[in-house]
1. Spot the failing condition for residue B:53; the list is (1) under 20 Å from the mean Cα position of the chain (by Cα); (2) under 24 Å from residue B:167 (Cβ atoms); (3) away from chain A (no Cβ under 11 Å), and only one is missed.
2. Can you list the strands (runs of 3 or more DSSP E) lying wholly within region B:123-211 that have 1 or more residues being touching a residue at least 24 places away in the same chain (Cβ under 8 Å) and facing chain A (nearest Cβ under 10 Å)?
3. Could you grab me the full set of residues in region B:1-35 that are free of Cβ contacts under 8 Å to residues at least 24 places away in the same chain and more than 7 Å from chain A (Cβ to nearest Cβ)?
4. Within region A:54-66, is there a residue that is surrounded by 21 or more Cβ atoms within 10 Å (Cβ to Cβ), within 22 Å of the chain's Cα centre (by Cα), away from chain B (no Cβ under 11 Å) and touching a residue at least 60 places away in the same chain (Cβ under 8 Å)?
5. Taking residue A:79 as the residue in question, decide whether it is in a helix (DSSP H, G or I) and within 13 Å of chain B (Cβ to nearest Cβ).
6. If I ask for residues that are part of a helix (DSSP H, G or I) and more than 22 Å from the chain's Cα centre (by Cα), which ones from region B:10-47 would you list?
7. Inspect all residues belonging to region A:368-381 and state whether any of them is within 16 Å of the ligand (Cβ to nearest atom) and either at positive phi or in contact with a strand residue (DSSP E or B) (Cβ under 9 Å, 6 or more places away or on another chain) (or both).
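Nothing in this text is a laboratory measurement; each read-out follows from the coordinates by a stated rule. For clarity, every value in this text was computed on a predicted model and none was experimentally measured. Quick reminder, even Gly has a Cβ in these numbers, built from the backbone with ideal geometry, and neighbours come from all protein chains shown.
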Ligand code: SF4
């Protein structure tokens with residue numbers, strides 16, 4: 001089995017990608033603006049909910065219960081979906097899911113498909129697979145169109161083009177839609193997208209969607225959206241294929257009471273997003289005549305084993321943790337090298353791939369806890385980050401190159417120094433004398449040897465001439481009485 | 001494909017085999033609000049407030065017999081004279097002197113040429129300004145409230161609930177083949193977080209409150 005998450009296997013590691021992102025002032029301005037707007041709106045909308053914490057408690061418990069009984073609920077979903085006229089397929093990994101989708105599209109003689117925002121399809125890189133087979137995918141979510149037409153990657157899980165401003169969008173649309181006179185007015189840009197897609201909504205015979213929730217009790221699927229492109233893709237085509245991660249199943253319809261109250265307020269700061277579509281299978285005279293579900297594993301089931309890692313699968317992809325994260329807000333999403341960025345990306349991408357790629361992501365955090373505070377399903381991201389850092393270090397220590405790695409040696413040196421008081425003081429003295437050589441503008445840069453790995457990616461203040469311990473000692477001797 | 005199915009289910013079972021038995025479904029804490037706290041008048045007021053916040057039009061009438069004139073008013077505000085309705089839509093609710101197109105399984109192209117649709121709904125939620133359609137009877141199949149640019153929706157005051165959990169419990173939502181919830185006209189904030197009304201769904205939503 002080969003788990004693939006977007007283009008993570010070829011992406012640069014976070015520290016170097018972040019350095020490049022930090023130099024892009026326009027990008028940082030765009031990301032700051034967008035995340036500020038959503039954060040403020042979210043805060044207002046959460047504030048007006050007296051039972052917000054109780055909803056979070058319920059959401060977290062529903063997810064924990066479902067994941068603990070995932071096999072039962074998936075089977076129940078499959079049975080009810082098929083009773084309603086749907087067909088359920090299972091895919092172990094990205095390649096298998098892509099080939100199921102391709103076979104289906106060929107079976108229905110499709111040459112093009114319309115798509116409504118699905119992160120899962122980006123995860124398995126469905127679009128390149130379709131294009132390779134001569135099938136044209138049209139993204140229909142405005143932001144996804146901007147990303148697709150600009151040959152770009154999504155930088156946010158809810159607002160994938162938030163790194164682009166109106167002028168950049170205008171230029172992309174002018175070129176791709178051949179509209180040389182298009183202005184940067186958002187109304188005009190949105191109007192251009194409407195006209196461009198309308199004909200495709202009416203004529204393309206196959207739609208592809210993701211899902212926000214799959215309901216075991218009814219076999220129904222729920223898609224949450226704003227623009228109406230979702231309703232178009234789910235209703236107008238003859239054939240609908242929904243790609244659903246196995247963790248998206250929820251036990252009962254009434255669980256939506258919880259999630260549909262938490263998700264819009266967390267994601268966009270709206271009381272409710274303009275449209276929710278729920279459907280079960282197929283229905284004579286309304287909507288697609290054929291409905292296929294592809295249930296995707298792609299590394300998810302590996303996260304079930306460990307209780308803490310399992311929590312990662314509770315994510316409802318609201319993006320609140322990205323908007324709250326001081327690291328994401330500076331670097332934007334691309335630096336994470338994965339379609340899943342921000343705090344959730346930092347825990348999800350490496351785990352899906354068994355820590356084979358994105359190994360630096362668990363370090364892309366200040367552990368400030370803002371993500372945990374806003375998470376509607378109460379995923380303790382900081383705790384999982386620390387757990388994963390531990391795994392990375394343990395795995396590194398198990399390899400020879402890891403053992404001799406500078407950071408590992410530095411950590412072991414530190415461990416030695418912290419072991420006894422006299423050693424610690426001696427080490428401190430040594431540094432106080434030696435650090436002058438490396439001090440620039442009040443920061444230590446490019447320390448040699450073992451400490452170099454630390455200062456390569458982090459700013460370090462020099463140790464003051466008088467340490468706390470020295471000060472404490474001198475205070476004790478100079479004080480007349482001392483305190484009890 | 002049954003191979004993949006067995007393998008995925010097998011992976012799940014083996015990953016979970018040593019995990020302690022957690023709380024059952026019934027033990028999930030559900031102390032969030034499932035009943036609203038407002039009286040019906042206040043709840044209706046809240047609904048109107050939310051709808052206005054979404055830039056929807058509202059026409060209010062007291063009696064069912066006034067619906068036709070309310071429809072006429074909503075059409076007039078938009079300078080429209082033709083409406084699409086589901087086959088089962090009551091004729092008495094349509095004003096005279098307008099062109100009525102009934103959805104007798106019209107083609108997509110035919111639907112796309114129509115500017116306005118009038119439907120009923122199943123319920124409404126005041127806390128979020130949400131209208132719930134289950135696509136039966138006069139609510140019509142899903143496409144008819146999607147392609148026209150103006151959706152006029154008739155809501156009985158007795159269909160209004162303060163909270164989502166109340167509304168879905170009242171309409172037996174579990175047994176429906178499709179549900180669409182509508183909270184204001186279609187919108188996007190994808191360009192610099194500026195809210196633009198109307199992308200692919202109807203750009204205009206009018207609500208007629210009666211009863
Ligand atoms: S981890 Fe929580 S806050 Fe972050 S996207 Fe997922 S549900 Fe939202």
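1. Of everything listed in (1) under 20 Å from the mean Cα position of the chain (by Cα); (2) under 24 Å from residue B:167 (Cβ atoms); (3) away from chain A (no Cβ under 11 Å), residue B:53 misses just condition (3).
2. Details: elements: B:123-125, B:130-133, B:150-156, B:178-182, B:204-210.
Answer list for region B:123-211: B:123-125, B:130-133, B:178-182, B:204-210.
3. B:2, B:3, B:6, B:10, B:14, B:17, B:18, B:20, B:21, B:24, B:26, B:27
4. Within region A:54-66, not a single residue is surrounded by 21 or more Cβ atoms within 10 Å (Cβ to Cβ), within 22 Å of the chain's Cα centre (by Cα), away from chain B (no Cβ under 11 Å) and touching a residue at least 60 places away in the same chain (Cβ under 8 Å).
5. On the way: in a helix (DSSP H, G or I): yes; within 13 Å of chain B (Cβ to nearest Cβ): yes.
Yes; evaluated as a whole, the condition is true for this residue.
6. If we filter region B:10-47 for residues that are part of a helix (DSSP H, G or I), which is where we start, we get B:10-16, B:25-27, B:40-47.
Correct list: B:10, B:11, B:12, B:13, B:14, B:15, B:16, B:25, B:26, B:27.
7. Taking region A:368-381 and keeping what is within 16 Å of the ligand (Cβ to nearest atom), we get A:368-381.
Within this subset, residues satisfying the condition of being either at positive phi or in contact with a strand residue (DSSP E or B) (Cβ under 9 Å, 6 or more places away or on another chain) (or both) are A:369, A:378.
Looking for residues that are within 16 Å of the ligand (Cβ to nearest atom) and either at positive phi or in contact with a strand residue (DSSP E or B) (Cβ under 9 Å, 6 or more places away or on another chain) (or both), one finds at least one in region A:368-381, hence yes.
Yes/no matrix, rows are residues, columns are (1) more than 13 Å from the ligand (Cβ to nearest atom); (2) away from every other protein chain (no Cβ under 11 Å):
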| site | (1), (2) |
| --- | --- |
| A:282 | yes, no |
| A:285 | yes, no |
| A:294 | yes, no |
| A:305 | yes, no |
| A:317 | no, yes |
| A:324 | no, yes |
| A:342 | no, yes |
| A:354 | yes, yes |
